[in-house]
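Notes for the one structure printed next.
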């Protein structure tokens, strides 16, 4: 029943590519759903510690991030190599945190404010001094839900 | 016979889909954010700070970390690997040891009257303590609570704590409330 071209030579029939878009779409949807866009350009380098008793952060839109770590190499000339705080895209001081939380709150619904979480992404070599300062500052503005960002560690016992 | 509308060529469909796919592939960061969740204590007005609420010594497990990342638990130096065991023993107080937390009988759903210990873990660190160790300590303490909750839930329902429904979890939480109190940071010796 097969139809042959004029050339007469027997050819392998071309593989139908009509299902290709479907396959690609499937992959596309997978990535679209699982994607989280990078929030900011990191200016500090940090290697968060490991922990096992962790909870996933739910509702990404209600999370504000505070990064603490050593400035990356290219910023070290201007900012030194001591651990610094980064809020949004810029280096900041401890006293800027109140404003930052306030501006995050203004973007949200009033009902959602108590559900807001602050995620502390802190390099493991940072001293607690700066972290404590940040926590005190968060307490002052009543941003009490915090989350120490960590990597997953598997406990071996 | 109705006129057929000509087919829209769909050959380029795959190309557009590929383009979007590549865009999402490149911009994707797979890491889901996870970490140890904690509630900070609400701010206290300055004039109200006083040590009115004295907690009995036996009810407190004092965990200190100094700026050389050394751990001291109840006035004894300790390695972090032993902390979980110590904390579990402290929280549970299985033998009603008079040096470990006292218990009060409370009514708990599902359990009836159950002795609940009045334990508090007090965590104090120096400004010079490294954040890595601090998180490890927090993690060990959380692990102690979680293991106790798991054990109790296995005993009662034969299920893991995570698999219980909300009310059962709340009941267990009442028996083993996670009470880790963090002292205001101190600066023991030396500038920061």
ask   = How many residues are over 20 Å from residue B:146 (Cα atoms) and more than 12 Å from every other protein chain (Cβ to nearest Cβ) when one looks only at segment B:110-134?
value = 2
query = Taking segment B:21-41, which residues are surrounded by fewer than 16 Cβ atoms within 10 Å (Cβ to Cβ) and modelled with pLDDT of 80 or more?
reply = B:22, B:23, B:25, B:26, B:39, B:41
request  = Quick one: count up the residues across segment B:142-167 that are surrounded by 12 or more Cβ atoms within 10 Å (Cβ to Cβ), out of contact with any helix residue (DSSP H, G or I) (no Cβ under 9 Å at 6 or more places or on another chain) and within 18 Å of residue B:109 (Cβ to Cβ).
outcome  = 0
note = Within segment B:68-109, residues farther than 23 Å from residue B:152 by Cβ and in a strand (DSSP E or B) come out as B:71, B:72, B:73, B:76, B:77, B:78
inquiry  = Given the condition outside any helix (DSSP H, G or I), touching a strand residue (DSSP E or B) at 6+ places or on another chain (Cβ under 6 Å) and in contact (Cβ under 8 Å) with a residue 12 or more places away in the chain, answer yes or no: does some residue in segment B:128-145 qualify?
reply    = yes
ask   = Which of (1) within 12 Å of chain A (Cβ to nearest Cβ); (2) in contact with a helix residue (DSSP H, G or I) (Cβ under 8 Å, 6 or more places away or on another chain) does residue B:98 not meet, given it meets every other one?
value = (1)
key: Any hit, segment A:57-78, residues being in a helix (DSSP H, G or I), farther than 26 Å from residue B:44 by Cα and facing chain B (nearest Cβ under 8 Å)   = yes
ask   = Hey, any hits in segment A:85-94 for a residue that's part of a helix (DSSP H, G or I), within 14 Å of chain B (Cβ to nearest Cβ) and farther than 18 Å from residue B:43 by Cβ?
value = no
inquiry  = Looking only at segment A:106-123, how many residues end up being in contact with a strand residue (DSSP E or B) (Cβ under 9 Å, 6 or more places away or on another chain) and either in a helix (DSSP H, G or I) or crowded, with 19+ Cβ neighbours inside 10 Å (or both)?
reply    = 9
key: residue A:54, sole failed condition from (1) surrounded by fewer than 20 Cβ atoms within 10 Å (Cβ to Cβ); (2) within 14 Å of chain B (Cβ to nearest Cβ)   = (1)
key: segment A:138-157 - residue that is facing another protein chain (nearest Cβ under 7 Å), out of contact with any helix residue (DSSP H, G or I) (no Cβ under 9 Å at 6 or more places or on another chain) and in contact (Cβ under 8 Å) with a residue 60 or more places away in the chain and, of those, farthest from residue B:66 (Cα to Cα)   = A:152
ask   = Between a first residue in segment A:124-137 that is touching a residue at least 12 places away in the same chain (Cβ under 8 Å) and more than 7 Å from chain B (Cβ to nearest Cβ) and a second residue that is part of a helix (DSSP H, G or I) and surrounded by fewer than 19 Cβ atoms within 10 Å (Cβ to Cβ), which pairs have beta carbons less than 8 Å apart while being 6 or more apart in sequence or on different chains?
value = A:130/A:94; A:133/A:94; A:134/A:94; A:137/A:94; A:137/A:95; A:137/A:98
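The values are calculated or read from the model by the stated rules, or taken from the named source; none is laboratory data. A quick note: this is a predicted structure, and the numbers were derived from the prediction, not measured. Because the Cβ atoms are built from the backbone with ideal geometry, glycine has one as well, and the counts that use them run over all protein chains shown.
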